[in-house]
Structure formats: structure tokens, C-alpha cells
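Undergrad: Encoded as C-alpha cells, here's the structure I'll be asking about.
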Amino acid sequence: MSTVFEKVLRLKNDHFEKVEMLHPKILETIVPLSLTKISPRNFYHWKENGLIELSQENDSEDRKWGKFNLIEYVWVSAIEVMREFGLSYEIIKKVKNELFANHFQYLIDNRERIEKMFEQQLGLNENELKEFILFQRNVAEEGLRMFDENEISELESSILFNIVTSILLQEKPCSLLIYRKEGEFHVEFMQYSMNDPVTKVGYLIKEYPHLEIPINNLISEFLNEPKSEKYAEIFGMINAKEMKVLEAIRKRDFVEINIKYNKKDELIIETIKDGEITDEKATYIRKLLGLNKYEEISLTYRNDKKLYIKSRKSTI
């Protein structure tokens, strides 16, 4: 029992505190519509038909032309993908209702169905199953308490917020699955983690005809444009030191950049010397920084000054 409650305590004092530490302004409505591939016409049509609800509606010029926080940016990007694949407004509204539902209330309301699914499909022994279910129950109850006592907002309690912050903090790839079963469309989420029992449930769902949208890819696409840097800095995706690296690349004010990162447990060191930075390579580095996928970076300026950065993961 104590182990379970220790895990629940980490939900509050670990996940949300890390969000506040590394992404303190993730809900700032600052990203302009122009940073997306969505036309104003489509945006307003979607909005008028109930596919989009901005978190801070008002009559200001900024909100009139559409500005998003990171969660809203991910959502409108997901709408674009769903429309490209021909999904109807009715299905997209169903996805929206699922993504913006209270994550903790959802776990409580669907407890019987979810626990039955765990029992049938996870392949855990009796003690493991009991521990896992107890953990899930207490996560839901503690999270709902935090919401009821205004420790977290409505958007922070949403399933989509939980998915996005898990990707940013834990590098847990997650996909949105829209699948058809017995003539009905359903929505599910799949985390790609070898140690996560829920992953097994996702693989079973993929046996049905489905559309899979990798949420981490939508976040990654946000960093494609150089103009995203100032917004990524406000969101806490890129810090002041990392901005200096991007500035040096932009001004070609460097002799050498060494990047060390871990990918599939294989240590890789990439050295980039003066004159070798293409637009594609600059985008690649911006994504490494924004998604915190490096271990350390050292940069040597033309004037022989040096800049050394440890991954933000080392601070949490």
C-alpha cells in the first residue's frame, strides 16, 4: 500500500512540479496561426463548427486572429491531419471530447471497463495486477482532488495536457488511435514504452482498422520553423543557454559544435564544424534542444570562447 501512495505522491510532486519548473508558461496563448499550415478560412470554419475552443476567448485582435498555447497548437494540428484523411466533423468532435475530458474523472467513470481490460489483456500475475489497479485508482482520486481544490486548471487536468507533458518530460512517445469496431468509431491512446502495461492494450486495438496520429510528431513539427524559437523559449522548451547555441548557428559565429546524445542506449557524439550547418541540420539541432533529446553540448565560438550545456534532464 505504501508503495502505491508513494507513486501517487510522485504524480503530484514530480510531474506537475517538473511542468512548472521546465515549462512554466506552456499555457501562454502566444503561437500565431501563421506558424501552422492551417488557413484562416479553415480555422474559422472549424471554430464555428465546434472543433476548436480557445482557452482564453475575448474580443482582442490577437484572439480574433487565433493564437494558441502549446496544447491548443497540438490539437489544431491534429484536426488538420484528421481532415486530410477525410474524417468528418462528427468524428473529430468525438475525438475532441475525449482529448479534453478530465483525465482523472475519465479514469474513475470508466474504472470497471478499464480494470476489466487490464485483467484480460495485460498478462500480469495476481499481485502485479492488484498493485497496478490500485495505483491507477489512486492516481485518479489524487488528481481529481487536485482539480477540485483548484491546484490544477481544467486544461491541466485534460487527457491531452497529460499526454503532451509526458512527452516533454519523460520522452514517452504517444499516439492517438481512431479505430472502427463493429461499425462505430472509437478513440484510444497508446504510449510506446516497453515497461508500460498500457502499451499492450494499444497494440490489441491496432488490430482494428485505424488512423494513428503520433502526438510527439506534432510537437516536433512545431520546432520546424526558425520563428518557433521565441515561442519555444517562452514555453520552456528551449532555455537561455540553448538559445545561444541557436544564435551562434544563425550568425555562423562558431568553430565547432559537439553534441552528445543517447538514442536506443547507443552513445552518439556528433561534431559539426564551421560551415557545415544547413537549414536541415539547424532544424535537427533545434528539435534536439526543444525536445531535450541530448546529453550535453559544447560550442566553441570564433573568438575561442566556449559554451557548455548539460541536458535539462539532469536538473530534474
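The values are calculated or read from the model by the stated rules, or taken from the named source; none is laboratory data. It should be emphasised that the depicted structure is a prediction, and the values quoted were computed from it without experimental measurement. Note that we place each Cβ from the backbone using ideal geometry, even for glycine, and neighbour counts take in every protein chain shown.
Undergrad: Would you check which residues across the stretch 80-116 are among the β-branched types (Val, Ile, Thr) and in contact with a strand residue (DSSP E or B) (Cβ under 7 Å, 6 or more places away or on another chain) and list them?
TA: The initial filter retains those residues of the stretch 80-116 that are among the β-branched types (Val, Ile, Thr), namely 81, 91-92, 95, 108, 114.
Within the stretch 80-116, Val81, Ile91, Val95 meet the criteria.
Undergrad: Consider only pairs whose beta carbons are under 9 Å apart and that are at least six residues apart or on different chains; among these, list those whose first residue lies in the stretch 280-295 and is on the phi > 0 side of the Ramachandran plot and whose second residue is of a type in the set (Lys, Arg).
TA: Filtered contacts from the stretch 280-295: Asn292/Arg312; Asn292/Lys313.
Residue by residue, here is whether (1) touching a Leu at 6+ places or on another chain (Cβ under 9 Å); (2) surrounded by 19 or more Cβ atoms within 10 Å (Cβ to Cβ); (3) among the acidic types (Asp, Glu); (4) without any contact (Cβ under 8 Å) to a residue 12 or more places away in the chain holds:
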| site | (1), (2), (3), (4) |
| --- | --- |
| Asn138 | yes, no, no, no |
| Glu149 | no, no, yes, yes |
| Glu156 | yes, yes, yes, no |
| Leu160 | yes, yes, no, no |
| Lys172 | no, no, no, no |
| Arg180 | no, no, no, no |
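Undergrad: What residue, among those in the stretch 32-75 that are of a type in the set (Gly, Ala, Ser) and at pLDDT 90 or above, is farthest from Glu90 (Cα to Cα)? Explain how you work it out, then say what you get.
TA: Pass one, the stretch 32-75, residues of a type in the set (Gly, Ala, Ser): 34, 39, 50, 55, 60, 66.
Those still in the list that are at pLDDT 90 or above too: 34, 39, 50.
Numbers: Ser34: 26, Ser39: 21, Gly50: 10 Å.
Per the criteria, the residue is Ser34.
Undergrad: Quick check: anything in the stretch 89-97 at negative phi and without any contact (Cβ under 8 Å) to a residue 40 or more places away in the chain?
TA: Initially, the stretch 89-97 is screened for residues at negative phi, giving 89-97.
In the following step, the residues that additionally are without any contact (Cβ under 8 Å) to a residue 40 or more places away in the chain were identified as 90, 97.
Yes - at least one qualifying residue is present in the stretch 89-97.
Undergrad: Can you name the number of the only condition in (1) of a type in the set (Asp, Glu); (2) in a strand (DSSP E or B); (3) farther than 29 Å from Val81 by Cα that Glu212 fails?
TA: With (1) of a type in the set (Asp, Glu); (2) in a strand (DSSP E or B); (3) farther than 29 Å from Val81 by Cα applied to Glu212, the lone miss is (3).
Undergrad: Kindly provide the set of residues from the stretch 98-115 that are in contact (Cβ under 8 Å) with a residue 40 or more places away in the chain and not in a helix (DSSP H, G or I), ordered by number.
TA: Phe100, Ala101, Asn102
Undergrad: Now a separate question. Considering only residues that are of a type in the set (Asp, Glu) and closer than 21 Å to Asn216 by Cα, look in the stretch 71-99 and name the one that is surrounded by the most Cβ atoms within 10 Å (Cβ to Cβ). Even if it seems obvious, please write down each step before you answer.
TA: First, the residues of the stretch 71-99 that are of a type in the set (Asp, Glu): 72, 80, 84, 90, 98.
After this cut, where a residue has to be closer than 21 Å to Asn216 by Cα as well, the list is 72, 80, 84, 98.
Numbers: Glu72: 21, Glu80: 18, Glu84: 9, Glu98: 18.
Out of the qualifying residues, it is Glu72.
Undergrad: Now, a different point. Given the conditions (1) among the charged types (D, E, K, R); (2) closer than 21 Å to Ile163 by Cα; (3) buried (at least 16 other Cβ atoms within 10 Å of the Cβ), which single one is not true for Asp109?
TA: With (1) among the charged types (D, E, K, R); (2) closer than 21 Å to Ile163 by Cα; (3) buried (at least 16 other Cβ atoms within 10 Å of the Cβ) applied to Asp109, the lone miss is (3).
Undergrad: Can you find a residue that is closer than 30 Å to His186 by Cα and surrounded by fewer than 20 Cβ atoms within 10 Å (Cβ to Cβ) anywhere in the stretch 224-236? Outline the logic, then answer.
TA: Within the stretch 224-236, the subset closer than 30 Å to His186 by Cα is none.
No, the stretch 224-236 contains no residue that is closer than 30 Å to His186 by Cα and surrounded by fewer than 20 Cβ atoms within 10 Å (Cβ to Cβ).
Undergrad: Take the conditions surrounded by 18 or more Cβ atoms within 10 Å (Cβ to Cβ) and modelled with pLDDT under 75 and apply them to Val19. Does it pass? Please lay out each step first, then the result.
TA: Values: surrounded by 18 or more Cβ atoms within 10 Å (Cβ to Cβ): yes; modelled with pLDDT under 75: yes.
So Val19 fits the description; yes.
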